[in-house]
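The values are calculated or read from the model by the stated rules, or taken from the named source; none is laboratory data. Computed from a prediction, not measured in an experiment: that's the story for all the values here. Note: accessible area is taken over every heavy atom of the protein model, side chains too, but ligands, DNA and RNA are not part of it. Shrake-Rupley method; radii C 1.70, N 1.55, O 1.52, S 1.80 Å.
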Amino acid sequence: MPTKVWRAPVLATAVALALLGAQAVYGAVRAEQVLPAGLAEVARERGWADIRVELNFPPEQFNTAFLAERGSLVGVRGTVVDLLGVTEAELREIAGLHWVRSIHERR
């Protein structure tokens, strides 16, 4: 029967899509928890924001490279990474990461 042949690949695809959807929902919820009030609006109005990202651990090469692709990395001190010129979409993406503890506007 051809339906039994397709059952495993269809089920695996459905599980993969569900996991991707769950990851997107987690990122959106997490971003709202991590972002301080008004920071996303500042980024939207200006087109960018300068931010200070505190991680749950000292950043490794992957973390700094990932963040540098989303803004101009200007400094790393301990668990804190400073970025300039981060757009609202990039800000929300960064805030949704499980390894980000907090985000603040850099002044």
What's the carbon and sulfur percent of the chain's accessible surface, probe 1.4 angstrom, rounded to a whole number?
62 percent
Would you mind pulling out the separation of the Cα centroids of the range 47-71 and the range 1-36, in Å?
26 Å
Subtracting the Cα-Cα distance from 0.36 nm times the residue separation, let me have the gained length for Val5 to Val74 in nm, one decimal.
19.5 nm
Taking the range 36-100 and dividing mean pair separation by its residue count, relative contact order in percent (alpha carbons under 8 Å, at least six apart):
40 percent
The answer for the chain, accessible area per residue at 1.4 Å probe in Å², is 63 Å²
Karplus (6.51, -1.76, 1.60) ³J(HN,Hα), θ = phi - 60°, over the range 9-17, in Hz, Gly and Pro reported as x
x, 5, 5, 4, 5, 4, 5, 4, 5
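Mind checking the full-extension length gain between Glu105 and Glu54? Use 0.36 nm per residue of separation minus the Cα-Cα distance, one decimal, nm.
Stretched out fully, the Glu105 to Glu54 stretch lengthens by 17.2 nm.
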List the residues, sorted by chain then number, that are 5 or more residues from Arg101 or on another chain and whose placed amide H is less than 5 Å from its amide H.
Glu54, Leu55, Asn56
